[in-house]
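The values are calculated or read from the model by the stated rules, or taken from the named source; none is laboratory data. Computed from a prediction, not measured in an experiment: that's the story for all the values here. Cβ coordinates were reconstructed from backbone atoms using ideal geometry, including for glycine residues, and neighbour counts include every protein chain displayed. These area figures cover heavy atoms from the full protein model, side chains too; ligands, DNA and RNA do not enter into them. Shrake-Rupley method; radii C 1.70, N 1.55, O 1.52, S 1.80 Å.
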Amino acid sequence: MHPFWNTIVKIFPTWLAPNLITLSGFLLLIFNFLLMAYFDPDFFASASGQKHVPGWVWIVVGILNFVAYTLDGVDGKQARRTNSSTPLGELFDHGLDSWSCVYFVVTVYSIFGRGATGVSVFVLYALLWVVLFSFILSHWEKYNTGILFLPWGYDISQVTISVVYIVTAVVGVEAWYEPFLFNFLYRDLFTAMIIGCAACVTLPMSLYNFFKAYRNNTLKHSSIYETMLPFVSPCLLFILSTSWILCSPSDILETHPRLFYYMVGTAFTNITCRLIVCQMSNTRCQTLNLLLVPLALVVLLVYLQLLPHAEPIVLYLLSIIITLAHVHYGIQVVNQLSNHFKILPFSLRKPSSD
């Protein structure tokens, strides 16, 4: 995609801040998420016999998804083009990318939905974790090797998803009901693509780069514990959120899937952002993310059957708490970096030489 991005970035005026490009792409993904939440709140709209999402919505979502992906690809080029690259820009870019994972995965889910030919909410939950794991794997790699490798599986998925949105607007969701090969449904292709990109591209390349650094004796951490430390909080988040699903008396994932995905994705992005800060500053990764404490408390209450009717309310409150905590963390880090490098987050003023 670099030749395309190199052409697109020339359209932008040099006064346009790279961080503003990054933020604009992120806001488009949020808009897509909210738009689809309005027309398909519970992921049943694509099922047979249900009121389907209007065709124009698929077109809008498809175009905006591709535009957001393009903006994510050109923000760094704009920074180098205007000589305004800063650590703040790198953190801002990758930090918002980590939050974007939940938005584009949950939005694309509406194509197939939860019908007989769709995907169950638990399978989508598992696929979301595949995407989240793929994202943090690249930053785990940089935490240990000092080099960030971004696999092209992401490019394939984003272009494909944008095309599928447009195709859905033309042929309708009914086209995805029929098998495309023998008894292999399109939902199975959707699942296989996500798992395949992770298992055949992201994981092998990250392990290859890790062992190459090990062979060259350039790893930044010598012990296995320090090497694997970035995975402690994500694994705990997975265990806690999955335990909630399995113990839930009100079947929380079935009744509030979109909000549950959002809560998990937002907690994950806070964990990832803290890892990004550590690998950028060559500091030790945090062992336990404090946002896991209220989640653990909720899971304990659910396990003890103390939230038989208040479980949805608790999910809403926990989502708000995690969101506010993550936004507060982001603001604090941005302010500290801006003060240190004497820059404004959305300006093109160059950092001082000191």
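Couple of notes before you dig in:
- Among the residues of the range 279-321, those identified as in contact (Cβ under 8 Å) with a residue 12 or more places away in the chain, closer than 19 Å to T255 by Cβ and aliphatic (A, V, I, L, M) are L295, V298, V299, L301, V302, L307, V314, L315, L318.
- Among residues of the range 159-187, those that are among the polar types (S, T, N, Q), part of a helix (DSSP H, G or I) and surrounded by fewer than 20 Cβ atoms within 10 Å (Cβ to Cβ), counted: 1
- The condition of being under 25 Å from Y186 (Cβ atoms) and either more than 15 Å from the chain's Cα centre (by Cα) or open to solvent by 10 Å² or more (accessible area, probe 1.4 Å) (or both) holds for Q50.
- Search result, residues across the range 244-273 that are polar (S, T, N, Q) and under 23 Å from S98 (Cα atoms): T266, T269, N270, T272
- Yes/no for G49 being out of contact with any strand residue (DSSP E or B) (no Cβ under 8 Å at 6 or more places or on another chain) and free of Cβ contacts under 8 Å to residues at least 12 places away in the same chain: yes
- Complete set of residues in the range 117-138 that are of a type outside the set (G, A, S) and not in a helix (DSSP H, G or I): T117, V119
- Residue check, E141 farther than 29 Å from L259 by Cβ, touching a Ser or Thr at 6+ places or on another chain (Cβ under 9 Å), charged (D, E, K, R) and modelled with pLDDT of 85 or more: yes
- One residue stands out among those in the range 188-200 that are more than 17 Å from the chain's Cα centre (by Cα) and open to solvent by 70 Å² or more (accessible area, probe 1.4 Å): the one that is nearest to I111 (Cα to Cα), which is L189.
- For E141, the stated conditions hold: it is in a helix (DSSP H, G or I), charged (D, E, K, R) and open to solvent by less than 40 Å² (accessible area, probe 1.4 Å).
- Subset of the range 124-147 [more than 17 Å from the chain's Cα centre (by Cα) and of a type outside the set (K, R)]: E141, Y143, N144, T145, G146, I147
- Odd one out for H256 among (1) touching a residue at least 24 places away in the same chain (Cβ under 8 Å); (2) of a type outside the set (S, T, Y); (3) under 23 Å from Q158 (Cα atoms): (3)
- Helices (runs of 4 or more DSSP H) wholly inside the range 209-325 containing at least 2 residues that are among the hydroxyl-bearing types (S, T, Y): 224-228, 232-247, 257-281
- Here the range 201-218 is the region considered, the condition is being touching a residue at least 40 places away in the same chain (Cβ under 8 Å) and within 20 Å of D155 (Cα to Cα), and the residue that is surrounded by the most Cβ atoms within 10 Å (Cβ to Cβ) is T202.
- Within the range 247-270, the residues that satisfy the criterion of being open to solvent by 10 Å² or more (accessible area, probe 1.4 Å) and on the phi < 0 side of the Ramachandran plot are C247, S248, P249, S250, E254, T255, H256, R258, L259, Y262.
- Whichever residue in the range 219-244 is open to solvent by less than 20 Å² (accessible area, probe 1.4 Å) and aliphatic (A, V, I, L, M) and, among such residues, is nearest to Y261 (Cα to Cα): L237
- Check on F122, closer than 22 Å to Y262 by Cα and open to solvent by 50 Å² or more (accessible area, probe 1.4 Å): yes
- Number of residues in the range 84-103 that are closer than 21 Å to S134 by Cβ and polar (S, T, N, Q) equals 2.
- Qualifying residues in the range 54-91 (those that are surrounded by fewer than 18 Cβ atoms within 10 Å (Cβ to Cβ) and of a type in the set (D, E, K, R)) - the one farthest from F4 (Cα to Cα): E90
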